[in-house]
Amino acid sequence: MEFLNKIFSITPENKTELIQEVFQFQLQNNKVYREWFELIGKQQQKPTAIPYLPVSFFKTHAITTTTFDPDVIFESSGTTTSINSKHYIKDWQVYETSFLKAFQQFYGAPQNWCMIGLLPAYLERKHSSLVAMVHTLVQQSRHTDSGFYLYEYQQLHATLQRLEAVAQPVLLIGVTFALLDFAEQYPLPLKHTIIMETGGMKGRRKEITREALHQQLKNAFGISQVHAEYGMTELLSQAYSSGNGRFYCPPWMQVLVRNEDDPLDVRLEGEGILNIIDLANLYSCSFIATDDVGKVYPDGSFEVWGRLDNSDIRGCSLLVT
């Protein structure tokens, strides 16, 4: 627990040292990560460089640091025939601490909001980390209208109208296709509501750019910005954007960029494929090489432009949506 306390009270002064501590801890106590390190170490110019585990390993291996019976297992979405990622969570409270501290950093106390989740694709399956997070935020908001909506767009429209009339701050967090469906069927002016998209058409609609998505939502709801959340099954932390698709991390999370042609060339800024340090992943793996393509800015903020085309991942073919 002392280790976790250090992680969630991290400072710029001790960040580098703490990252090395977590790296050594996982190297000693995570069999899959140690084997990956030994394999990559033969190719790296710098023997001390931290290797990033391909996110796809969460589909094929149990990624655990130390041996434990998990409190919960989060599972990614997918088709009935696909292999989904599984994230084995040693202690639910670690996840809860991570998302609550990050939420409070960017949006204040959950009690200040009416929290509404429009997450049908996630609610229709078990083991979603996003649903677990929003469920806790709904509970902590303590507002009588906080809750989840599946496809009850008419009821959601009526609820938002009523909350707008009394100037109640609302955070409506939704999956992309559901927000677009709602916007097309029930547009209404929103002055006290933040729209936050989590990405994902889930095969329900044609993929569009984030810029086009945000413009449609702005037009439908008369808002100047659309917020966004960046997270994934394989991470216990989230980054947030308050507009223009530019995300910011909590202190214990960092996004870097790797070279498309040389995955061992990892930089603090620039364009390429995103690597993530998430120290909240203490008991899984904190060093993840994602399949997301984007840009990292000098201040550590980042954009996500699309995803590697998984059908041709060896060739680093880019599918930029």
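In table form, for the structure just shown:
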| item | result |
| --- | --- |
| Highest-MSF residue in the chain out of Arg258, Arg142, Arg162 [GNM, Cα springs under 10 Å] | Arg162 |
| Degrees, to the nearest 10: 210-221 long Cα axis against longest axis of the chain | 20 |
| Rounded to the nearest 10 Å², the accessible area of Cys249 at probe 1.4 Å | 30 |
| Residue order for His87, His157 - accessible surface, 1.4 angstrom probe, largest first | His157, His87 |
| Nearest-ten-degree value, helix 31-41 long axis tilted from longest Cα axis of the chain | 60 |
| Longest exposed-site-free window of the chain, the sites being chymotrypsin sites (Phe, Trp or Tyr not before Pro) in a DSSP loop that have at most 15 other C-beta atoms within 10 Å | 152-321 |
| Amide hydrogen neighbours beyond the local backbone of Val170, cut-off 5 Å, H modeled | Cys114, Thr193, Ile194 |
| Angle between the chain longest axis and helix 153-165 axis [Cα atoms, degrees, rounded to 10] | 80 |
| Net dipole in debye of the stretch 216-286 [+1 Lys, Arg Cβ; -1 Asp, Glu Cβ; about Cα centre; nearest 20] | 400 |
| Amide H contacts of Phe148 (H built 1.01 Å from N, under 5 Å, at least 5 apart or other chain) | Gly117 |
| Dipole in debye (nearest 20) - the stretch 58-166, about Cα centre, beta carbon charges: Lys, Arg +1; Asp, Glu -1 | 160 |
| Surface accessible to a 1.4 Å probe, Asp71 within the full protein complex, Å² | 100 |
| Exceeding the 23 Å Cα-Cα cut-off - candidates Lys101/Lys295; Lys59/Lys126; Lys59/Lys295; Lys86/Lys206 | Lys101/Lys295; Lys59/Lys295; Lys86/Lys206 |
| Amide H partners (placed H, <5 Å) of Leu256, local residues excluded | Asn275, Ile276, Ile277 |
| Accessible surface, the chain, averaged per residue in Å² (probe 1.4 Å) | 47 |
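The values are calculated or read from the model by the stated rules, or taken from the named source; none is laboratory data. None of the values given here were measured: they were computed from a predicted structure. Glycine gets a Cβ as well: all are built from the backbone with ideal geometry, and neighbour counts include every protein chain shown. Remember, those area values only see protein heavy atoms, side chains included, never the ligands or the DNA or RNA. Shrake-Rupley method; radii C 1.70, N 1.55, O 1.52, S 1.80 Å.
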